[in-house]
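Visitor: Have a look at the structure that comes next, please.
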Amino acid sequence: MNLYHFKDQVNRVILGRGFEYYASGMVEDLTHRGEGRYKAFVEGTDLYEVTIHMDELYTILSSACTCPYDL
């Protein structure tokens with residue numbers, strides 16, 4: 001999945017929830033971990049850890065979340 005096509009490939013309900021979390025300031029401590037790796041914490045029902053690894057063309061190579069939703 002490429003970051004530029006992300007919104008076309010993710011369930012609209014989940015995508016909307018993510019935008020709401022971001023707009024509400026619930027995304028905390030977003031950090032660049034080097035070589036296309038990012039980590040953030042998201043305050044939902046609990047505090048969830050989200051990690052993403054992308055290549056130089058913004059293709060998502062892997063992602064993980066400690067949240068209960070599983071792609």
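Coordinate-derived values only; no laboratory data. Just so you know, these numbers come straight off a predicted model, no measurement behind them. Please note: Cβ atoms are built from the backbone with ideal geometry, for glycine as well, and neighbour counts cover all protein chains shown.
Visitor: Among G36, M54, L3, which residue has its Cα positioned farthest towards the positive end of the charge dipole of the chain, with +1 placed on the Cβ of Lys and Arg, -1 on the Cβ of Asp and Glu, and the dipole taken about the Cα centre?
Guide: L3
Visitor: Next question, about the same structure. Tell me, what is the percent relative contact order of the chain, built from C-alpha pairs under 8 Å that lie six or more residues apart? Present the calculation step by step, with values, prior to reporting the outcome.
Guide: Details: 94 pairs, mean separation 17.5, N = 71.
It comes to 25 percent, rounded to a whole number.
Visitor: In addition: Of the residues L30, L15, L57, which exhibits the maximal mean-square fluctuation in a Gaussian network model of the chain defined by a 10 Å Cα contact cut-off?
Guide: So, out of L30, L15, L57, the one fluctuating most is L57.
Visitor: Right, something else. Counting GluC sites (Glu not before Pro) as exposed when in a DSSP loop with at most 14 other beta carbons within 10 Å, what is the longest stretch of the chain free of them?
Guide: On the way: sites that count: E35, E56.
Segment 1-34 is the longest.
Visitor: For all pairs of alpha-carbon atoms in the chain, what percent lies in each bin of width 10 Å, listed from the first bin to the last filled one?
Guide: 19, 53, 28, 0
Visitor: Still on this structure, I have one more. Can you compute the charge dipole magnitude of the range 1-61 about its Cα centre, using +1 on each Lys and Arg Cβ and -1 on each Asp and Glu Cβ, nothing else charged? Give it in debye, rounded to the nearest 20.
Guide: Working: 6 positive and 10 negative charges, 36 e Å.
So the magnitude is around 180 debye.
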